[in-house]
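For reference, the structure discussed in these notes is given below.
The values are calculated or read from the model by the stated rules, or taken from the named source; none is laboratory data. Everything quoted here is computed from the prediction, not taken from an experiment. Cβ: placed from backbone, ideal geometry, glycine included. Neighbour counts: every protein chain shown. Only protein heavy atoms, including side chains, enter the accessible area calculation; ligands, DNA and RNA are left aside. Shrake-Rupley method; radii C 1.70, N 1.55, O 1.52, S 1.80 Å.
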Number of protein chains: 2
Amino acid sequence: MRTVFFISDGTGITAETVGHSLLSQFEGIDYRQERIPFVDTGEKARDCRRRIDEAKARDGVRPVVVSTLVDPHVAGPIRQADALHLDFIAAFISPLEAELGVKSSRAIGRGHLGATSKDYAARIEAINFTMAHDDGVSSAELDKADVILVGVSRCGKTPTSLYLALQFGVKAANYPLIPEDFERGELPGTLDAYRSKLFGLTIGAERLAQIRQERRPDSQYASPANCRWEIEQAEKMMRREHVRWLSSTTKSIEEIAATLMQTIKLNRHSY
Amino acid sequence: MRTVFFISDGTGITAETVGHSLLSQFEGIDYRQERIPFVDTGEKARDCRRRIDEAKARDGVRPVVVSTLVDPHVAGPIRQADALHLDFIAAFISPLEAELGVKSSRAIGRGHLGATSKDYAARIEAINFTMAHDDGVSSAELDKADVILVGVSRCGKTPTSLYLALQFGVKAANYPLIPEDFERGELPGTLDAYRSKLFGLTIGAERLAQIRQERRPDSQYASPANCRWEIEQAEKMMRREHVRWLSSTTKSIEEIAATLMQTIKLNRHSY
């Protein structure tokens, strides 16, 4: 088994994301992963080099090193290890300097916005808002929501809202559609004033039954017949009320969030 | 102002992360950002090309295009636009193929784990666990927590826990340290059995007062003197009880999470 290192002078999260994206293109390749964050001195870099050399000796194959290292004093020792080195900063910074006509600062640990910036405060505010508006617990300040997710219980509203808040600073409320709403044949009255902000999530009945079964085994709530009925009703309601929606059945949180933002034209940058 | 495009056959989140990482190396450069996700057909690619060309005509400078495009039928038309093209997939897939000795699948939309994988279920479980254990609301199943964050109210426990769950599938509970704990001079009794899982967060008193002031203006809770006292007490307690901790004052959520995982040797992969 080959070892893949994700090495960075910051958190290493970007290096790991890039590495996963590349490795997902190779099916059936098994590899051991090691993330080494905060490599910001020559000494730590030499330690990394030792770990890469050890992995090569142990595995019998060269490791792959995905890195984001801007300081040559740190990158230097690591590059000396016998491995396949992939660093998009090293690869792209020179063409970018030439294009922009300025030299880069080559400053370390710049990947994430510090906690004192204004943008960062907006992100925390979005997280607080989203936590306070999970599962319809509060209808206060729904006018401040960027989006209100609707759908039956356990269709993916909570993870999606949290991801929207954390990754994009979106104030995402969510509101459950429950059997009482279907019997009345109307959207919950609280949502009337916010129709333009609604986005629906639905899910395959079989998948929903599986998820609910884990939470409340053998309940009416989790029964396949009830799940089918709730979903049919919810989809019928969303169609009738012209709520834009998508199915979360096979989508990751990232895909749901990106699709939602594209559909409702919510233009936010990723943190 | 120059336009920077983040273009992908998937969500575009990885391309944007890479782009931000590169652009953070250039101080004082202002740019307009456009993320274009799900570009998975030749037609959508030609539409992208038009948008890039329009941006060039409008801005009077070449746009920068940060992309992750694996299908040549999609990448082709986009590359024809007059822009600086930066694509780490295009740059790194050939050396990686040579190293691994296999051809890549060049399959689109592979960046994120689909919702039906086992790994993905573990991620959702971690999110549910973390939501159920925010702010000490439940001490049930704390034995299943990977980490329990402790600290005074508003020091950053909730955003950190949520990030750990969403990004790394970590089951992160959090538990507030309150004046009653300081007066008693002991950690909350509930936590006794879980000492090895505790990780503390602290924060500068001035910053804490600022954050609390926004929530409860002119309260005793938000007063600088009280914030100073609570933080002194919390830090004293964490030192005495040998709880590992860090200050969140100037750190991003990503930096807090990566430092925490490194400190307590919690080895999880990023989603």
Label point 7 Å beyond Cα along the C-beta direction, distances from residue A:223 to other copies (nm, shortest first):
6.0
Sort B:56-63, A:202-209, B:176-183, A:155-162 for me by packing, meaning the mean count of neighbouring Cβ atoms within 10 Å per residue, highest on top.
A:155-162, A:202-209, B:176-183, B:56-63
With the other protein chains left in place, how much accessible area per residue, in square angstrom, belongs to the protein assembly as shown at a 1.4 angstrom probe?
43
Exposure of residue B:20 as accessible area (Å², to 10), given a probe of 1.4 Å and all protein chains:
30
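Where does the charge balance sit around residue B:247 when Lys and Arg score +1, Asp and Glu -1, over other residues with C-beta under 15 Å from its C-beta? If you can, show how the numbers build up before the last one.
Working: positive: B:154, B:157, B:207, B:228, B:236, B:239, B:244, B:251; negative: B:206, B:230, B:232, B:235, B:255.
Taking every Cβ under 15 Å from that of residue B:247, the sum is +3.
Going through the cross-link list A:56/B:144; A:236/B:144; B:103/B:197; A:56/B:103, which pairs have a Cα-Cα distance over 32 Å in this structure?
Details: A:56/B:144 35 Å; A:236/B:144 40 Å; B:103/B:197 43 Å; A:56/B:103 22 Å.
Result: A:56/B:144; A:236/B:144; B:103/B:197 exceed 32 Å.
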14 Å beta-carbon shell around residue B:210, net charge (K/R +1, D/E -1)
+3
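As a test of the formula, what do you get for the protein assembly as shown when each DSSP H run with n ≥ 4 contributes -39,500 (n - 2.57) and the sum is divided by the residue count, at 222 nm and rounded to the nearest 500 deg cm²/dmol?
Numbers: 20 runs with 244 residues, N = 542.
One gets -14000 deg cm²/dmol as the mean residue ellipticity at 222 nm.
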Mind ordering A:255-262, A:3-10 by average Cβ neighbours within 10 Å, highest first?
A:3-10, A:255-262
Evaluate the charge dipole of the protein assembly as shown about its Cα centre and quote only its size in Debye, nearest 20, assuming +1 on the Cβ of each Lys and Arg and -1 on the Cβ of each Asp and Glu.
640
Label-reachable residues, the range A:1-24, where backbone N falls under 15 Å from a point 7 Å from residue A:105's Cα toward its Cβ:
A:10
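At a probe radius of 1.4 Å, figure out the B/A buried accessible area, summed over both chains, and give it in Å² to the nearest 100.
7500
Mean separation of Cα pairs under 8 Å and 6+ residues apart, divided by the residue count of the range B:118-263: what relative contact order is that in percent? Spell out each step's value before the answer.
Details: 217 pairs, mean separation 37.1, N = 146.
Relative contact order for the range B:118-263 comes out at 25 percent.
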Quick one: if the Förster radius is 51 Å, what FRET efficiency do residue B:141 and residue B:91 give, using the C-beta to C-beta distance and rounding to 0.05?
0.65
DSSP beta bridge pairing in the protein assembly as shown, given as percent antiparallel to the nearest 5:
0
Residue A:54 accessible area, assembled protein chains, probe 1.4 Å, Å²:
120
Dividing the mean separation of Cα pairs under 8 Å (6+ apart) by the residue count of chain B yields a relative contact order in percent of 14
Considering the rotational relationship between chains B and A, which residue of chain B contributes the beta-carbon of minimal distance to the axis, and what is that distance to the nearest Å?
B:88, 2
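Carbon and sulfur together cover what percent of the accessible area of the range A:118-263 at a 1.4 Å probe radius?
Details: 2980 of 6260 Å².
The nonpolar share, carbon plus sulfur, comes to 48 percent.
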Nm distances between the label at residue B:90 and the same-position labels in the remaining copies, 7 Å along Cα→Cβ, shortest first?
2.2
